[in-house]
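The values are calculated or read from the model by the stated rules, or taken from the named source; none is laboratory data. Everything quoted here is computed from the prediction, not taken from an experiment. Cβ coordinates were reconstructed from backbone atoms using ideal geometry, including for glycine residues, and neighbour counts include every protein chain displayed. Remember, those area values only see protein heavy atoms, side chains included, never the ligands or the DNA or RNA. Shrake-Rupley method; radii C 1.70, N 1.55, O 1.52, S 1.80 Å.
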Amino acid sequence: MNDAGARWRIAVDTGGTFTDCVALDPAGREHRVKVLSRSALRGTVVEVLGPDRLRIVGKWGAPEQFVRGFQFRRLGAEETVEVRDFTGGVLTLAAEVRMEKGEAFEVLSPEEAPILAARLVTGCGPGDALPPMELRVATTRGTNALLEEKGAEVAFFVTEGFPD
């Protein structure tokens, strides 16, 4: 960081399908990322290196090892397998999977989509402390439910003397 008071400024909007994130780093540079709202990142198999090793391509912009410990799932399948390693574009899985070149997959984060997005823009891996930040989270899903008058009844209670 440039000075002791510098913080990331991150805004995240979770929708029904995607979670969008825009951020300004402490130096004022803008970063953007889009993840699936179910905390998943998608990729494609480029080459099958073995029953548990796949060379992949994913537009995650994440450092190596970022998806280590995530769950790997072939699109359209229910079963998941833990990602043991991710180095040099190669995923090593905890068990054998049946995949073919060109086939799509997703890796599922154990954290909620806004935190996954914040980790991607800051480059902080899972388990690492996030840097100091101002985080604003909105939800298009919630806003739409209110506008469409869907969902549960909502009440707002405020104590006497609340300034606003």
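Given 0.36 nm per residue, what is the gain on full extension from T44 to E79 after removing their alpha carbon distance, in nm?
10.9 nm
If you count only protein heavy atoms with a 1.4 Å probe, what accessible area per residue comes out for the range 107-164, rounded to a whole Å²?
Using a 1.4 Å probe on heavy atoms only, each residue of the range 107-164 averages 74 Å².
Placing +1 at every Lys and Arg Cβ and -1 at every Asp and Glu Cβ, with all other atoms neutral, what dipole size does the range 40-121 have around its Cα centre, in debye to the nearest 20? Working shown, then result.
On the way: 11 positive and 13 negative charges, 48 e Å.
With Lys and Arg at +1 and Asp and Glu at -1, about 240 debye.
Could you tell me what a quarter of the Cα convex hull surface of the range 3-125 works out to, in nm² with one decimal place? Intermediate results must be reported in sequence, preceding the final value.
On the way: hull surface 31.7 nm².
Over all viewing directions, the range 3-125 projects a mean Cα-hull area of 7.9 nm².
If amide hydrogens are placed 1.01 Å from N in the peptide plane, which non-local residues have theirs closer than 5 Å to the one on A138?
Amide H neighbours of A138: V12, D13, T14.
Contact order normalised by length for the chain, with contacts defined as Cα pairs under 8 Å and 6 or more residues apart; what percent is it?
Working: 315 pairs, mean separation 45.2, N = 164.
So the answer I get is 28 percent.
Pop out the ³J(HN,Hα) list for the range 145-159 in order, Karplus 6.51 cos²θ - 1.76 cosθ + 1.60 with θ = phi - 60°, rounded to Hz; leave Gly and Pro as x.
Karplus-based 3J(HN,Hα) across the range 145-159 equals 4, 5, 5, 8, 6, 10, x, 6, 5, 10, 10, 10, 10, 9, 6 Hz.
Give me the accessible area per residue for the range 8-68, probe 1.4 Å, as a whole number in Å². Don't skip to the end; give the middle numbers.
Numbers: 3240 Å² over 61 residues.
I get 53 Å² per residue for the range 8-68.
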